[in-house]
1. Tell me the residue from B:LEU370, B:LEU450, B:LEU378, B:LEU418 that is buried (at least 24 other Cβ atoms within 10 Å of the Cβ) and of a type outside the set (Gly, Ala, Ser), please.
2. What helices (runs of 4 or more DSSP H) lie completely within region B:1-77 and have 2 or more residues being buried (at least 24 other Cβ atoms within 10 Å of the Cβ) and hydroxyl-bearing (Ser, Thr, Tyr)?
3. Taking region B:26-49 as the region of interest, how many residues are of a type outside the set (A, V, I, L, M, F, W, C) and more than 26 Å from the chain's Cα centre (by Cα)?
4. Consider A:TRP32 carefully, then state whether it is among the aromatic types (Phe, Trp, Tyr), within 14 Å of chain B (Cβ to nearest Cβ) and either free of Cβ contacts under 8 Å to residues at least 24 places away in the same chain or within 22 Å of A:LEU132 (Cα to Cα) (or both).
5. May I ask you to list the residues in region A:102-130 that are over 20 Å from B:ILE379 (Cβ atoms) and surrounded by fewer than 24 Cβ atoms within 10 Å (Cβ to Cβ)?
6. Go through the residues of region A:199-208 one by one and say whether even a single one is buried (at least 18 other Cβ atoms within 10 Å of the Cβ), assigned to a helix (DSSP H, G or I), more than 14 Å from chain B (Cβ to nearest Cβ) and in contact (Cβ under 8 Å) with a residue 12 or more places away in the chain.
7. Please name all residue pairs, on different chains or six or more residues apart, with Cβ atoms under 6 Å, provided the first residue is in region B:341-362 and is touching a residue at least 60 places away in the same chain (Cβ under 8 Å) and crowded, with 19+ Cβ neighbours inside 10 Å and the second residue is part of a helix (DSSP H, G or I) and of a type in the set (Ser, Thr, Tyr).
8. Would you say A:ALA304 is at pLDDT below 90, surrounded by 24 or more Cβ atoms within 10 Å (Cβ to Cβ) and in contact with a helix residue (DSSP H, G or I) (Cβ under 6 Å, 6 or more places away or on another chain)?
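The values are calculated or read from the model by the stated rules, or taken from the named source; none is laboratory data. A quick note: this is a predicted structure, and the numbers were derived from the prediction, not measured. Every residue, glycine as well, gets a Cβ built from its backbone with ideal geometry; the counts of neighbours run over all protein chains shown.
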Amino acid sequence: MDSMILTLILLAPLAGAILVALLPDRSKLPAWLALISTLVTFGLALHLPAHYDAAHPGFQFVVNKPWIENPAIFYHVGVDGLSLWLVVLVGLLGPIGVLASWKAIQRREKVYYSLFLVQQTAMLGVFISLDLMVYYGFWELSLVPMAILIAMYGRKNGPAAATKFFLFTFIPSAPLLVAILYLYSRTGSFQFPDLRTDIAVGAVPAGALFWVALAFLFAFAVKVPVFPLHGWLADTFSEAPVAMAMVVAGKLGLYSMLRFHVGLFPVQAHNIAPLLIALGVIGILYGACLALVQRDYWRFLAFAAMSHLGLITVGVYGFTLTGWTGATYQILNNELIDAALFVLLGALEIRYATSQIAAYGGLANRVPRLATLFVIVSLAMIGLPMLNGFIGEFLILSSTFTISHSWAIAATVGVILSAAYMLWMIQRVFYGTESKLAAESPATDLRLSEQLVLWPIAVLLLIMGVAPNLWLRTIETAPKPIVLQQARSADQPAVTSVPMEVQR
Amino acid sequence: MNSIPDIYRILPEVILTITGVLVMLIDASLAPLTSRRTLGWFATIGTGVAYLASVWQLSLPMGTGYSGTVETSPFTVFFHVLICGIVIVTLLLSLDALPEDSHHQGEYYALMVFGAVGMCLLTAATELLVVFIGLEISSISTYILAGYRKQTGKGPEAAIKYFLLGSFATAFLLYGIAMVFGATGTTSIYDIARQAATAQNQLLVEGALAMMLVGILFKVSAAPFHVWTPDVYEGAPSPVVALMSTGPKAAAFAFLLRLLYEMFPHLRHLWSPVLWVVAVLSMTIGNLAALRQQNVKRMLAYSAIAHAGYLLAAFAGFGSTGIAAATFYTAAYAAMNVGIFALVTIAGGYNDERPLIADYKGLIYRSPLLGSLIIFFLISLIGIPFTGGFFGKFYSFTAAVGGGAVILAVIGLLNSGLAAAYYLRLAFAVAQRPDEEDRAVRTPIAPIGLGIITALALATIATLALGIVPGGALHAAETGAHTLQPSPAPASVPAEVTVIQTTP
């Protein structure tokens, strides 16, 4: 079972996609099939934390089989402390996404749900692949369903937003491919563990490594997105179907940074870390300021997300164990919070058919449950103690303080700003005088299917806030690249050190 | 000498010729107004038998027949199988696409089969005069087919343009043959390969190479010999374009490989830079021009020019790597291009009733199957992993990098980013929600028949198979590549040569 589980997790949504594509597009059949398939995937994904052996860190549930002889590409999958919970997260976002789409998607459900499931497969593939070509395959594949669905269901100008999204992420992956091919030509392997060793012992010339690492970083930074590469984000958030938008930003890029940029090129990543920390902090403040002035709540959410992703970037490039753990944990928090916000705002859009913040006001009396949940999720996002956002932000900020007080203070200002824009948003939408829209259109409160999604998330936010050790215990077993604190104090690059999988 | 009857060496060609002649004769004896569909099925089955005969040829010991004029080797079998496959798919497509009342249907099927004879002969020939005969058989069939829609103005225009320019290019080829005969006193490819390097008049040999290159580069529509392509593709019926953008091209590339790697390897220092330039020109001109097209067939014509460029990049690779990459690319390109033109035939209408990208708007809402498949083939043309297009480009650029042409690979990959922009324009038009007043919504799409379904299924399976399990096709391409390099002595090659182990 342990050797099959990852393959099963990968195949479950794919099988669902094929089934949805083959069976007729009759009433809610595609949606039910997708729901069953995502629930199965989630169930299978839960097998991982249940059987993960925290005492023996490193890759587990590994499968390594030759796929293509020449060039030597292996179907090599496995998870460790870093990717374990991300796989579970994708599994959880599956049913959430299907339920969020239940009412929102009324036309061409077959195409929609099969692409949705392909997207899920691609994301799972990204998190479990340990062969760079397989990883690259899933990475590219993840663009396609997203782009098509943006074009199909765009609110105003879908095709333009879809093209922007696709080109923004497709073009940087061309240098990534060249870099991967170059590594292969030097080492003869696409496999992550081999490459990590080969690079550490100097099999690749340092001059070339700089460019290779930069190509990796560039592709990942666009995907996160890191300031100033965020051009696609707001359009994608405002055009994509709710269930797709909630998965597009953040985790793929940040995970790839941790695994393949910091993990493969610790020296180069450490050298460029000050730049990334600076860009991260700029992103926090820039995103927060722009979020304050948005009129459309999807764009508001885009910049709010960018601000929070900036904080995680700072955590990744702080090069401390606390920072890495916090960053990994915060990826989970962020995705859950974003998913909940997307579902809530999507529910508002279904009811009132607008995403203009100014059109709302005084909704708390009309839709009390929706308002309550929105407040809970917002508080988690702000980082209120007892809720999960606090843990991640605290770990990241405390790690940043050990590196640089000024950057840490600037980042903290961003956290304060996030409270400002979230609370102001709540005030404008749910409280204050009742707007014309709220008064005229009678709206029902959250339906059962929506509550079925949101209450579990709200509970999870709380559990993750009070008992973070349930998660941190496994996250801390993530293999850490060379610990560079000593190198930093001695102020010389640790070129010669062999990677040690240091445990905390 | 070998004890195999010479006829076995050209068995597929013989079967195809008999099929073609029978189709022509039966057509003449049928009453004028009866349906010719049965003839189409007959032609398809005949081509299928030729396909099997080609595969059977693998069991023959490699060698030449008819006094060293034709050869059977894994290389020729690869191309025979490919060409027969293309012709089968286009015949199936034509069965449903040709209007029931169109005149000369029997001729149409016969010409397709005769075209296949020419293409097959071209790949099997080891004697320049047979090469010329093969090229002419295939060209003349396609000239006639290109003008098959005589009632429209564009049909005859396309045919005449193609014919005049094509004959001109063939004249170059013939002139080259004459020159190489003058320099070496022979027209046998293997004899030339042995004598060309030591021929007294090297200038004559170099001139011959230049002339023959012009002739062949025209046939594969590489820049700067590409100007005929968009006009001809636009004027010719779509099923014919499906054939002529793939079949004759594959055959011409097969001969180009023989010409460069087998006949004139000692002139590599001359032809390699020339092809470098031609590859860059083809990619760049093709993609830039395609960006501006509104007509789907013209856009795909320019994209075909760009793909010729990607393929020529493989010629920068040394020896069998380059040959194998180029061979693989012809197969991958054929699979996806036949597929997309099959879809254009249905979606655009046989008489090009809906020629513009704007006419494809919302296709996925009207016909999910057609829409999804168009997007699928476009994704393959872009070169997204898990499709044939990705591995085609991957091997081609890997060969180029291996041959030291890193800049060429970088230009190529940037070009594929550029290409994504126009492929996506069509893909997203297909995915876009249609406006109610769109012209496209009003024109109904013809029902999809059994022939087209089979054709599409074959093309889709081939494209997917080349993208997910490319090992088999690549192995075949590599085995074929080894039979070209190093040049074996004619007619005395032991059977073991056919099973040379491929190197990783």
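1. B:LEU378
2. Output list reads B:37-57.
3. Summing the residues that are of a type outside the set (A, V, I, L, M, F, W, C) and more than 26 Å from the chain's Cα centre (by Cα) in region B:26-49 gives 7.
4. In short, no.
5. Across region A:102-130, the qualifying residues are A:TRP102, A:LYS103, A:ALA104, A:ILE105, A:GLN106, A:ARG107, A:GLU109.
6. Yes, because at least one residue in region A:199-208 is buried (at least 18 other Cβ atoms within 10 Å of the Cβ), assigned to a helix (DSSP H, G or I), more than 14 Å from chain B (Cβ to nearest Cβ) and in contact (Cβ under 8 Å) with a residue 12 or more places away in the chain.
7. From residues that are touching a residue at least 60 places away in the same chain (Cβ under 8 Å) and crowded, with 19+ Cβ neighbours inside 10 Å, the pairs are B:PHE341/B:SER238; B:VAL344/B:SER238; B:THR345/B:SER238.
8. no
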